[in-house]
Amino acid sequence: MKKTVTLSCGGHMPLVGLGCWQSPPDQLTRAVEAALDAGYRHIDTAYNYLNEEAVGAGIRNWLEKTGKSRGEVFVVTKLPMNGMYEGGVEKFLKKSLEKLQLGYVDLYLVHGPVGVIGKDDNDIFPMVDGKLNVDFGTDLIAVWKEMEKMKTLGLARSIGVSNFSVKQLRKICAVAKVPPSVQQVELHAYFQQPDMQEFCKSRNIAITAYAPLGSPGRQSIPMLSGGHIPSLMEDPVVRLVAERQGVTAAQVLLRFLVQQGIIAIPKSVTPSRIAANFDVWNFSLTDTEMAALRSLDKGPSGRSFVFANRPG
């Protein structure tokens, strides 16, 4: 099967990427190199992850070591929520490019559908009285127009969003000169978001699934409240399919997504696990196995990333 998705803007985005959320910078440079050695050509980071320098170093080391060109690696980063104002988009993308030591990113995403008001550029999760200091005056349309400008300037090859609802996506699509190429959301066997999948398909928007394995190694962060960490890899159906196929539970969960054309970004800093997560091309799930995995969807109760103060 094909290992890439063709985006609405014409670019090709690899179906499996290395997720970098909560990866410690001191381990991440080696992890990025290990991923590229294992065959990954897609690395997903964000300004908010505070590890773009480490990602950039890993890419640079690998390019120098192999003699490959920059165009070989599809790099994704994201606009932080404290940059969602006029002038903020360009400012923060340039900051990210400086940290990554790159001239452009392949995909730039609006990290969330609402801005926050912080003390300075480093105040990425500003809290007031235990709650995220949300800017309820955020103008998503104005932010999207700025995103389109980043494509015109050549700083981003493609642009998209993350954590948007169907309603918010519809709002952007209604006015966009350049529609979003990608929507990145929580998506896995327990939370399959059929309505989101259907909407994105109808608008030729590719979906990237974060937490494709349920994000078992995550630590808590202040802007997430009430979430639970699903034990996807212990699920009896997943384990049975893995046993039948002679692969790991993680490989089954990832294959379930990529076989549907959904991009997956599993996170790890362990070279052996990074390689195993990419090894999903030598088997395919039967229609019966796909149906069994589809039946695991719990709907909204399967969501494990619950955003505080999330607007509609």
Summed residue charge, Cβ within 12 Å of residue 15's Cβ, Lys/Arg positive, Asp/Glu negative: +4
Sparse-neighbour loop sites [trypsin sites (Lys or Arg not before Pro); the stretch 55-120; at most 15 other C-beta within 10 Å; DSSP]: 68, 119
Zone of residue 37's modelled label, taken as backbone nitrogen in the stretch 237-281 under 17 Å from a point 7 Å along Cα→Cβ: 268-279
Evaluate E = 1/(1 + (r/R0)^6) for residue 237 and residue 136, where r is the Cβ-Cβ distance and R0 equals 35 Å; express this FRET efficiency to the nearest 0.05. 0.25
State, as an integer percentage, the relative contact order of the stretch 11-87 based on alpha-carbon contacts under 8 Å between residues 6 or more apart. 35
Extended-chain gain in nm, criterion 0.36 nm per residue less alpha-carbon gap, residue 166 and residue 260: 31.9 nm
Counting DSSP beta bridges with both partners in the chain, what percentage is antiparallel, nearest 5? 25
Just to be sure I understand the model, the point goes 7 Å from the Cα along the line to the Cβ. What's the resulting residue 229 to residue 272 distance in nm? 2.0
Give, rounded to the nearest 20 debye, the magnitude of the charge dipole that the chain has about its Cα centre when Lys and Arg contribute +1 at Cβ and Asp and Glu contribute -1 at Cβ. 540
Here is the link list: 78/177; 2/177; 78/298. Which ones come out longer than 22 Å on Cα distance? 2/177; 78/298
Gain on full stretching of the segment that runs from residue 1 to residue 128 - 0.36 nm per residue minus C-alpha separation: 40.8 nm
Taking the simple approach of a point 7 Å from Cα along Cα-to-Cβ for both residue 30 and residue 119, what is their distance in nm? 3.5
Note to self, the chain gives a 222 nm [θ] from helices alone (DSSP H runs n ≥ 4, -39500 (n - 2.57) apiece, / all residues, nearest 500) of -10500 deg cm²/dmol
Remind me, relative contact order of the stretch 244-312 in percent, using alpha carbon pairs under 8 angstrom and six or more residues apart? 33
Could you sort the peptides 266-273, 127-134 by per-residue average Cβ neighbour count (10 Å cutoff), highest mean leading? 266-273, 127-134
Approximate spin-label separation residue 148-residue 287, in nm, with each point projected 7 Å along Cα-to-Cβ: 4.3
Can you tell me the order of 204-215, 232-243, 140-151 when each peptide is scored by its average per-residue count of other Cβ atoms within 10 angstrom, highest first? 204-215, 140-151, 232-243
State which entries of 201/267; 119/167; 171/201 exceed 28 angstrom in Cα-Cα distance in the structure shown. 119/167
Cα extents of the stretch 11-302 along the three principal axes, largest first, in whole Å? 53, 45, 39
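Quick note: the coordinates plus some simple rules give every number you see, no bench work behind them. As the structure is a prediction and not an experimental result, all values here were calculated from the model. With ideal geometry, Cβ positions are generated from the backbone for all residues, glycine too; neighbour counts draw on all protein chains shown.
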